[in-house]
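Q: Dropping a structure here in structure tokens format, bear with me for questions.
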Amino acid sequence: MKLIVVGSSHAGYEATQTLLKEMPEADIHLYESGQTASFLSCGIQSYLEDVSNSLDELHYANETSYKKQGVNVHVNSEVTNINPDQKTVTVQTSSAEKEESYDKLFLSPGAVPFELPVPGNDMENVFYLRGREWADAVKKAMPEAKQAVVIGGGYIGIEAAQSFTKAGIKTTVIDTQDSILPTYLDKEFTDVLEANAAEHGMTFQPNEVVQEIAGENNQASKVVTDKAAYEADMILIAAGVRPNTSWLDGIINLDDRGLIEIDDYLQTSDSNIYAAGDATKIPYAPGKDKRLIPLASNARRQSVIAAKNIATGKNKFTMPAVSGTSGLGLFDYKFANTGIKDVDADSLDVEVASKYYEEQILPDFMHDDTKIAMKIHYEKESHRIVGAQLMSKKDVMMAINAISVAISANWTLEDLALADFFFQPEYDNTWNFLNVLAQQALDETFGSDKQLF
């Protein structure tokens, strides 16, 4: 059987590895439009901050390793069209266009940066940050930069802004929203993050709309908003992404946002074509619906399901619901989130309540008074947990995974309040902070962990 995988990032990589395991005799062809295979965009920040030594480290695999596995890997080869009736794809290389046949096709077209529709967005010192080529360009520009403006306060923008600031570049983040990371964290957390970032030299300008990137001789010198102008010799646009699917219109079904329509088995409207990754929706555990949650972890899970269904020849594996669990750090703080936040609490068809609480992580006798800020969202009547956020200067963010599992298991506050978590003084307290959070939401306080003398 001949299998074609389009795209070699998280989804394409996982699909290829699963197909190799499930169908060792299959003829697998992997097509990548870029010059290298399986680039890990999630690692770009580590490269900008000199944690990773080179871009070559930010790969799951490369041409040599794929070929050793028996994969026919084709880089600098863009799949530009599909003929489902003939079961062929059109491949464009630098020198030719050709047709390739397939028995089954797996698509992971991913997403591309949203190009801000303002004058000056194409000047030489205006950058995006997605993929190896952009990462390389940004890194090369940093040593000469004195002032940077980052347009967009989401994950990509914040990661870049921290990297620039740490490199001694005066950095301003501009966003149309009233806080950084508005879809990831509530105001109790972002207020603290913004103040801490300011202490490190990163400035945030909320509620501003970029109108122009001004400059001369193809060199940008300032970003003009509806409220002010900000000088910059380096500008990064991180205003979101859009699905890279325009070339699929009329071939398989897309929704009104250009996302590929897939069923629970990851099958598209064509029975021989499967899809996963940032151009698809995924089952959402808190709301029992499907949503766009473009995370590498989700793409990997989807691809396992799709590949297993391709390998078995029949759809028997379904995609489990997820909660959009993620985590990041910004200067002195680590934070993580899962499920519903304030910004989308009204997306459920029931009333959602929440509780914010701060708790010391370790016992008093450990002489470490570091606290963790926590917030939990739950259905007001049933107490079913639908979301949570954690933030601390201590890296205990893996705890958010417990809440993610709790959401998938339909746990209530009562379940979490007495959940079995281990106790060792160097790690946590006799009542783990997640127990305490649920107890506080229930307005129940069990034995205090504070010393009484």
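The values are calculated or read from the model by the stated rules, or taken from the named source; none is laboratory data. Not measured: the values here are computed from a predicted model. Here the Cβ is made from the backbone with ideal geometry for all residues, glycine too, and neighbour counts use every protein chain on show.
Q: Only one residue in Glu358, Glu381 is among the charged types (D, E, K, R), under 27 Å from the mean Cα position of the chain (by Cα), modelled with pLDDT of 95 or more and not in a helix (DSSP H, G or I), so which one is that? I'd like the intermediate steps shown before the answer.
A: Numbers: Glu381 fails: under 27 Å from the mean Cα position of the chain (by Cα).
None of the other options fit; the residue is Glu358.
Q: One residue is enough: does region 398-420 have a residue meeting the conditions surrounded by fewer than 16 Cβ atoms within 10 Å (Cβ to Cβ), of a type outside the set (A, V, I, L, M), without any contact (Cβ under 8 Å) to a residue 40 or more places away in the chain and in contact with a His (Cβ under 8 Å, 6 or more places away or on another chain)?
A: Looking through region 398-420, at least one residue is surrounded by fewer than 16 Cβ atoms within 10 Å (Cβ to Cβ), of a type outside the set (A, V, I, L, M), without any contact (Cβ under 8 Å) to a residue 40 or more places away in the chain and in contact with a His (Cβ under 8 Å, 6 or more places away or on another chain).
Q: While we're here: Got a number for residues in region 27-55 being in contact (Cβ under 8 Å) with a residue 40 or more places away in the chain and surrounded by fewer than 18 Cβ atoms within 10 Å (Cβ to Cβ)?
A: Selection size over region 27-55: 5.
Q: Moving on to the next point. Return the only residue of Val126, Val73, Val91, Val112 being of a type in the set (Val, Ile, Thr), buried (at least 18 other Cβ atoms within 10 Å of the Cβ) and under 30 Å from Gln211 (Cα atoms).
A: Details: Val73 fails: under 30 Å from Gln211 (Cα atoms); Val91 fails: under 30 Å from Gln211 (Cα atoms); Val112 fails: buried (at least 18 other Cβ atoms within 10 Å of the Cβ).
Being of a type in the set (Val, Ile, Thr), buried (at least 18 other Cβ atoms within 10 Å of the Cβ) and under 30 Å from Gln211 (Cα atoms) holds for just one of Val126, Val73, Val91, Val112, which is Val126.
Q: To continue, here is another question. Can you give me the number of residues within region 158-195 that are touching a residue at least 12 places away in the same chain (Cβ under 8 Å) and closer than 15 Å to Leu328 by Cα? Spell out the reasoning first.
A: First pass over region 158-195, keeping only residues touching a residue at least 12 places away in the same chain (Cβ under 8 Å): 158-167, 169-189, 191-194.
The next check asks that each one be closer than 15 Å to Leu328 by Cα; those that pass are 158-163, 180-186, 189, 192-194.
Here the count works out to 17.
Q: Same structure, new question: If you go through region 287-302, how many residues are more than 13 Å from the chain's Cα centre (by Cα), closer than 12 Å to Pro320 by Cα and not charged (D, E, K, R)?
A: 1
Q: Residue pairs, Cβ under 9 Å, 6 or more apart or interchain, first in region 85-107 and farther than 23 Å from Glu25 by Cα, second in a strand (DSSP E or B) and among the aromatic types (Phe, Trp, Tyr). List them.
A: Close Cβ pairs (under 9 Å, with a partner that is in a strand (DSSP E or B) and among the aromatic types (Phe, Trp, Tyr)) amount to Val91/Tyr31.
Q: Residues that are within 30 Å of Val89 (Cβ to Cβ), at least 1 per element: which strands (runs of 3 or more DSSP E) completely within region 102-205 meet that?
A: Counting at least 1 such residues, we get 104-107, 111-113.
Q: Can I ask one more? Could you list all residues from region 427-448 that are within 26 Å of Glu381 (Cβ to Cβ), modelled with pLDDT of 95 or more and surrounded by fewer than 19 Cβ atoms within 10 Å (Cβ to Cβ)?
A: Answer for region 427-448, where residues must be within 26 Å of Glu381 (Cβ to Cβ), modelled with pLDDT of 95 or more and surrounded by fewer than 19 Cβ atoms within 10 Å (Cβ to Cβ): just Leu442.
Q: Out of the residues in region 354-380 that are more than 20 Å from Ser408 (Cβ to Cβ) and of a type in the set (Asp, Glu), which is surrounded by the fewest Cβ atoms within 10 Å (Cβ to Cβ)? First the steps, then the outcome.
A: In the first step, residues of region 354-380 are kept if they are more than 20 Å from Ser408 (Cβ to Cβ); the result is 355-373, 380.
Okay, now just the ones that are also of a type in the set (Asp, Glu), so 358-359, 364, 368-369.
Values: Glu358: 16, Glu359: 19, Asp364: 13, Asp368: 13, Asp369: 9.
My answer is Asp369.
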